[in-house]
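A.B. asks: Here it is, the structure in full.
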Amino acid sequence: MKIHLQTPGEIRLQIWKELGRASLDRHHEWRTSVMASTDAVGLPDARTVVLRQVDAQAGRLTFYTDSRSPKVAQLQAQASAMLVFWSARLSWQLRVRVLCSVISSGPEVEALWQKVQQSAAAGDYLSPLPPGAVLPQGSTADLGTVNVPMPAHSLAIVRAQVLQMDWLELSREGHRRAQMSADTWDWLTP
């Protein structure tokens, strides 16, 4: 059953609750979102990312990535990005404008690696080649056939500071849309 929230305060609170749930629940539709950044020549580049942590108080979302991935270089060159979340259950679209920082080394990354290395996800950060690398001729999709030294790990943390959210609710009773930042709220035409 869908809840029809009325006030900006109720809606804002529910958005952050849903984001928090998504970071903990593998089956939540907002667990994976699309992150769009710009490449070296200014063209848009989008990919799916997995929401790992949410700090509603600080207005921050956290993702993990391979430190060698193209998105890391893109975010280091241009920190602005856009996240797009969709929930069929809620009939909500959430577009989130963020400013990203990448942490690829240091005690925080090593502490996280101690947790991640015990999980099935560890292999994502142990690949001998960076994401998107062209495999040598004669190689198969199995990276075990590639003769390249293995890295210790390539885990990095992406912190996305929320600058602005654009919330859209689709409903038979009428669509609603609002744009908000930490201290503003504006109703928009859908």
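A.B. asks: Working only within region 35-59, note down all residues that are of a type outside the set (A, V, I, L, M) and in a strand (DSSP E or B). It would help to see each step written out before you state the result.
C.D. replies: Filtering region 35-59 for residues of a type outside the set (A, V, I, L, M) gives 37-39, 42, 44-45, 47-48, 52-53, 55, 57, 59.
Across region 35-59, the qualifying residues are Ser37, Thr38, Pro44, Asp45, Arg47, Thr48, Arg52, Gln53, Asp55.
A.B. asks: Is there a residue in region 160-167 that is farther than 24 Å from Leu61 by Cβ, open to solvent by 60 Å² or more (accessible area, probe 1.4 Å) and at pLDDT 80 or above?
C.D. replies: no
A.B. asks: Suppose we filter region 101-124 for residues that are at pLDDT 90 or above and in contact with a strand residue (DSSP E or B) (Cβ under 8 Å, 6 or more places away or on another chain); how many remain?
C.D. replies: 9
A.B. asks: Quick one: which residue in Leu129, Leu94, Leu112, Leu61 is over 18 Å from the mean Cα position of the chain (by Cα), open to solvent by less than 50 Å² (accessible area, probe 1.4 Å) and not acidic (Asp, Glu)? Please lay out each step first, then the result.
C.D. replies: On the way: Leu94 fails: over 18 Å from the mean Cα position of the chain (by Cα); Leu112 fails: over 18 Å from the mean Cα position of the chain (by Cα); Leu61 fails: over 18 Å from the mean Cα position of the chain (by Cα).
Testing whether each residue is over 18 Å from the mean Cα position of the chain (by Cα), open to solvent by less than 50 Å² (accessible area, probe 1.4 Å) and not acidic (Asp, Glu) leaves just Leu129.
A.B. asks: Further question on the same structure: List pairs: first in region 104-126 and under 19 Å from Lys71 (Cβ atoms) and of a type outside the set (Val, Ile, Thr), second at pLDDT below 95 and open to solvent by 60 Å² or more (accessible area, probe 1.4 Å), Cβ under 8 Å, 6+ apart or cross-chain?
C.D. replies: Matching pairs, first to second residue: Leu126/Met150.
A.B. asks: I've got another one for you. Of the numbered conditions (1) buried (at least 17 other Cβ atoms within 10 Å of the Cβ); (2) without any contact (Cβ under 8 Å) to a residue 24 or more places away in the chain; (3) hydrophobic (A, V, I, L, M, F, W, C), Phe85 satisfies every one except a single condition; which is it?
C.D. replies: For Phe85, the exception is condition (2).
A.B. asks: Contact list please: Cβ distance under 6 Å, first residue in region 151-168 and farther than 17 Å from Val72 by Cβ, second residue at pLDDT 95 or above and charged (D, E, K, R), pairs at least six apart or on different chains.
C.D. replies: Pairs that qualify, where the first residue is farther than 17 Å from Val72 by Cβ and the partner is at pLDDT 95 or above and charged (D, E, K, R), are Leu163/Arg97; Gln164/Arg97; Asp166/Arg95; Leu168/Arg177.
A.B. asks: So for region 151-159 (the condition being within 22 Å of Thr32 (Cβ to Cβ), within 19 Å of the chain's Cα centre (by Cα) and modelled with pLDDT under 95), does at least one residue qualify? Let's see the steps before the verdict.
C.D. replies: If we filter region 151-159 for residues that are within 22 Å of Thr32 (Cβ to Cβ), which is where we start, we get 154-159.
After this cut, where a residue has to be within 19 Å of the chain's Cα centre (by Cα) as well, the list is 154-159.
Checking which are modelled with pLDDT under 95 leaves us with 154.
Checked region 151-159: at least one residue is within 22 Å of Thr32 (Cβ to Cβ), within 19 Å of the chain's Cα centre (by Cα) and modelled with pLDDT under 95.
A.B. asks: Further question: Does region 27-49 hold any residues that are touching a strand residue (DSSP E or B) at 6+ places or on another chain (Cβ under 9 Å) and open to solvent by 40 Å² or more (accessible area, probe 1.4 Å), and which are they? Break it down stepwise before answering.
C.D. replies: At the first step, the residues of region 27-49 found to be touching a strand residue (DSSP E or B) at 6+ places or on another chain (Cβ under 9 Å) are 28-39, 44-49.
Once the filter is applied, which keeps residues that are touching a strand residue (DSSP E or B) at 6+ places or on another chain (Cβ under 9 Å) and open to solvent by 40 Å² or more (accessible area, probe 1.4 Å), region 27-49 yields Glu29, Thr32, Val34, Thr38, Asp39, Pro44, Asp45, Ala46, Arg47, Thr48.
A.B. asks: Return yes or no: is Gln53 open to solvent by 60 Å² or more (accessible area, probe 1.4 Å) and within 10 Å of the chain's Cα centre (by Cα)?
C.D. replies: Numbers: open to solvent by 60 Å² or more (accessible area, probe 1.4 Å): yes; within 10 Å of the chain's Cα centre (by Cα): yes.
Here the answer is yes, as Gln53 does meet what is asked.
A.B. asks: Is it the case, given these coordinates, that Gly9 is small (Gly, Ala, Ser), free of Cβ contacts under 8 Å to residues at least 24 places away in the same chain and assigned to a helix (DSSP H, G or I)?
C.D. replies: Yes.
The values are calculated or read from the model by the stated rules, or taken from the named source; none is laboratory data. Keep in mind it's a predicted model, so treat the numbers as computed, not measured. Every residue, glycine as well, gets a Cβ built from its backbone with ideal geometry; the counts of neighbours run over all protein chains shown. Side chains included, ligands, DNA and RNA excluded: accessible areas come from the protein's heavy atoms. Shrake-Rupley method; radii C 1.70, N 1.55, O 1.52, S 1.80 Å.
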